[in-house]
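Structure, as structure tokens:
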Amino acid sequence: MKSPILVFQWYAHLVKKSDLDPIASERFKKLGVTTLLDLALLLPHEYDNSFISPKPLIDAHNALHVKVVNHKITPKVFQISFFCEAWDCVVEGVIFAARLYHRTSFKVGQTLTIGGKLQYNGGKLQIIQPKILTTINAITPKYKSPLQNKTVLGLMQQYLTKEALRDAGLDAKEANLVYHIHFPTPKEVSEFEAFGWNKAIEKILKLAEILNYLQKLSTKKVSFPSCARLDGDENPFVKSLPFKLTADQVKVIADIKHDFLGETASKRVIMGDVGCGKTMVILSAVMMAYPKKCVLMAPTTVLATQIYEEAKKFLPLHVKISLVVQKSSKKESYDEVDFLIGTHALLYRELPPCALVMVDEQHRFGTQQRALLSALVSGAKEHPHFLQFSATPIPRTLSMMQSSLVDFSFIKMMPFKKDIESHIIFKKDFKDLVAHIRSEISQNHQCIVVYPLVEESEMVAYQSIDEGRSYWEKNFEKVYVTYGKDKNKEEILKIFSEEGNLLISTTVVEVGISLPRLSTIVIVGAERLGLASLHQLRGRVSRNGLKGYCYLYTNLPKSERLEEFCHTNDGFEIAELDLKYRQGGDVVGGSLQSGKKFVWFDMVEDIEILKEAKKRVEEARTPPRF
């Protein structure tokens with residue numbers, strides 16, 4: 001017999017949205033429910049339990065037959081005395097903010113069935129806000145939703161079955177437990193109300209939530225036929241290099257080669273730490289694509305120029321290369337160019353058809369910009385292969401999720417060992433910091449001081465560039481200053497790289513600048529930045545094995561987050577720490593924004609649950625939506 005997780009078989013009335021009752025379809029829309037697991041995860045917030053309690057159950061819901069023997073009305077409280085014959089005692093009822101209907105409903109002498117949470121108060125049994133029960137010997141889940149409770153109950157009764165839950169990817173035990181949250185026995189209700197969901201149920205809710213998420217994500221992947229099989233030979237290029245590629249670089253190149261020989265336009269993200277050698281992978285991909293054309297977009301002129309210079313240095317002479325930046329002529333033709341490298345200026349040029357599109361530091365571009373570049377060089381039906389490169393590793397949790405959308409490759413090995421010391425410093429350490437900077441400059445090394453702002457602000461308790469630059473310019477030679485909105489920033493960065501000692505800047509230096517002589521970076525107000533940004537800034541130093549230093553200046557007396565950052569130079573470990581402190585975002589929505597998105601699933605702690613959910617999705621067809 002097949003395991004229930006191998007094939008998702010949905011009832012015929014759930015296979016197509018058009019098969020749903022139009023009224024039910026509209027109700028699901030109002031609830032935000034598109035899958036069965038969405039419906040299952042719409043959990044009751046309480047239960048109306050009308051099963052008569054044979055004896056008092058303290059701190060739990062009780063249902064009991066009573067007679068109203070007395071009541072007392074004050075401006076704030078309506079107090080009622082009930083006599084329960086089965087228990088042979090008086091139970092006090094307390095209603096706050098009583099309305100007229102409360103007074104008419106609880107008349108002295110009336111016999112009623114009431115329900116509510118029973119407590120001891122001053123030696124007396126008491127129910128706060130007792131409710132009159134009209135249904136006896138039944139349990140009614142109460143849902144918080146835009147619809148009336150009876151409407152939600154009707155949807156649950158019609159669609160939420162154990163069989164449907166198994167077909168949605170849960171095993172028999174899991175399906176049974178989730179089912180009983182919505183249709184519990186009296187004993188289960190008492191346990192839920194007294195203890196909440198136990199660990200076993202919580203684990204299943206975590207699994208159901210992430211399974212549902214991955215199933216939705218898998219429906220977003222769209223495949224297109226590729227415009228060409230790219231079977232160029234990169235081996236002569238690799239053998240011509242004056243250094244040997246790392247094992248990770250070789251593996252990633254093999255991954256790309258496999259993609260390029262397929263009939264489907266590939267989508268692959270190559271993630272590697274700062275300085276791991278992604279440029280050589282880019283150039284290898286160019287040779288696999290040759291003689292077909294390819295294009296690469298980088299976020300800054302400095303980075304685009306850097307890659308252009310590397311391409312000219314290492315690629316064979318017969319590969320024609322061109323650089324497109326803002327200053328480039330818009331009239332220039334690129335029809336004869338094999339490898340086109342540029343910034344977003346590429347989006348405003350007439351581009352020839354390309355079989356390979358690459359984006360470096362892909363997180364610096366919006367989804368629409370990346371899609372536009374691909375559209376500019378491809379046909380309507382057939383698409384180019386698409387490679388995205390990033391030096392900002394994302395946590396393995398997120399990469400496992402996103403792998404339903406794109407393929408991932410990782411470059412973790414470094415061509416050389418990075419030797420960087422990271423330290424948290426305070427105001428009292430400034431004198432020692434200045435002495436360190438002087439020492440490094442005397443050895444022909446460069447230093448950068450990163451400020452949080454350009455201009456003074458009352459909202460930020462740190463100096464800005466405008467406030468701090470005069471000290472550095474007065475006490476040091478060859479000091480350069482730039483920031484994000486500086487129109488000359490790329491020219492200043494170029495001059496600094498060649499002849500500067502000290503650069504005063506904002507986080508504009510986070511990405512796309514290669515400074516072989518840079519040994520020290522100082523980050524002012526370090527606690528204001530995410531760990532990924534801090535790691536990117538730290539990655540500017542020790543690019544070629546030079547001894548490096550990263551100083552995190554803060555006014556905080558203690559920061560566990562910064563202390564953990566200082567203990568590792570591994571970008572992938574930093575990504576995990578960043579996730580731990582900031583939480584991940586909504587991958588289904590197409591973005592990775594910070595902020596917790598899951599109710600039950602924990603992106604840091606529940607990696608094994610994610611692996612199980614991913615296995616189930618990969619082994620089975622994704623279920624259709626409502």
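Where a number appears in this text, it was derived from the coordinates with a stated rule and is not lab data. This one's a predicted model, so the numbers in the text were calculated from it and none came from an experiment. Positions of Cβ are backbone-derived with ideal geometry, glycine not excepted, and every protein chain shown enters the neighbour counts.
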So the FRET efficiency between Lys55 and Glu612, C-beta based with R0 = 45 Å and rounded to 0.05, is 0.60
Using a simple charge model, +1 on the beta-carbon of Lys and Arg, -1 on the beta-carbon of Asp and Glu, nothing else, what dipole does the chain show about its Cα centre, in debye to the nearest 20? 1300
Within straight-line cross-link reach of Lys412, lysines at Cα separation under 18 Å, skipping those fewer than 8 residues along the same chain: Lys244, Lys251, Lys278
Added length on full extension, which subtracts the Cα-Cα distance from 0.36 nm per residue, Val90 to Glu491: 135.7 nm
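Would you mind ranking Leu147, Leu39 so that the residue whose beta carbon has the fewest other beta carbons within 10 Å leads the list?
Least to most surrounded, the residues fall as Leu147, Leu39.
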Give the total of Lys-Lys pairs in the stretch 51-132 with Cα-Cα distances below 20 Å; include a pair only if its members are 8 or more places apart or on different chains. 15
So for the stretch 51-132, averaging the separation of alpha carbon pairs under 8 Å that are six or more residues apart and normalising by length, what relative contact order in percent results? 33
Return the distance in nm (one decimal) between the two label points of a simple spin-label model at Glu188 and Thr134, each offset 7 Å from Cα along Cα→Cβ. 2.6
When DSSP beta bridges are limited to those with both residues in the chain, what percentage is antiparallel, rounded to the nearest 5? 35
Which one of Asn235, Leu211, Gln249 has its Cα pushed farthest toward the positive end of the charge dipole of the stretch 181-262, where Lys and Arg give +1 and Asp and Glu give -1 at the Cβ? Asn235
Please arrange Thr135, Thr151 by counting, for each residue, the other beta carbons lying within 10 Å of its beta carbon, fewest first. Thr135, Thr151
With a Förster distance of 22 angstrom and the Cβ-Cβ distance between Asp570 and Asp419, calculated FRET efficiency to the nearest 0.05 equals 0.95
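Shape of the stretch 235-411 from its Cα gyration tensor (a ≥ b ≥ c, root eigenvalues): rounded if a/c is under 1.5, otherwise prolate when a/b > b/c, or oblate?
Details: a/c = 1.40, a/b = 1.16, b/c = 1.21.
Verdict is rounded for the stretch 235-411.
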Fewest first, what order do Leu37, Leu155 take by the number of other Cβ atoms within 10 Å? Leu155, Leu37
18 Å cut-off, amide nitrogen to a point 7 angstrom out along Glu527 Cα→Cβ, residues in the stretch 455-488: 458-464
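Relative to the compact globular guide of 2.2 N^0.38 Å, what is the alpha carbon radius of gyration of the chain, as a ratio?
For the chain, the normalised Cα radius of gyration is 1.27.
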FRET efficiency for Ser514 and Glu619, Cβ-Cβ distance as r, R0 = 60 Å, nearest 0.05? 0.85
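Per the helix-only calculation at 222 nm, which mean residue ellipticity applies to the chain, given -39500 (n - 2.57) for every DSSP H run of n ≥ 4 and division by its residues, nearest 500 deg cm²/dmol?
Helix contribution divided over all residues of the chain: -10500 deg cm²/dmol.
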Near-label residues of the stretch 458-489 by backbone N, under 20 Å of a point 7 Å along Cα→Cβ of Val434: 462-481
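Under the Kirkwood approximation applied to all pairs of distinct alpha-carbon atoms, what is the hydrodynamic radius of the stretch 420-568 in Å?
Value: 15.3 Å, from the Cα pair sum.
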Relative contact order [Cα under 8 Å, 6+ residues apart], the chain, whole percent: 15
Of the listed pairs Lys267/Lys615; Lys142/Lys187; Lys206/Lys418, which have alpha-carbon separations greater than 29 Å here? Lys206/Lys418
Once you have the Cα-Cα distance between Tyr120 and Glu26, take 0.36 nm times their residue separation minus that, and quote the gain in nm to one decimal. 29.3 nm
Can you order the peptides 168-176, 405-413 by their average number of other Cβ atoms within 10 Å per residue, highest first? 168-176, 405-413
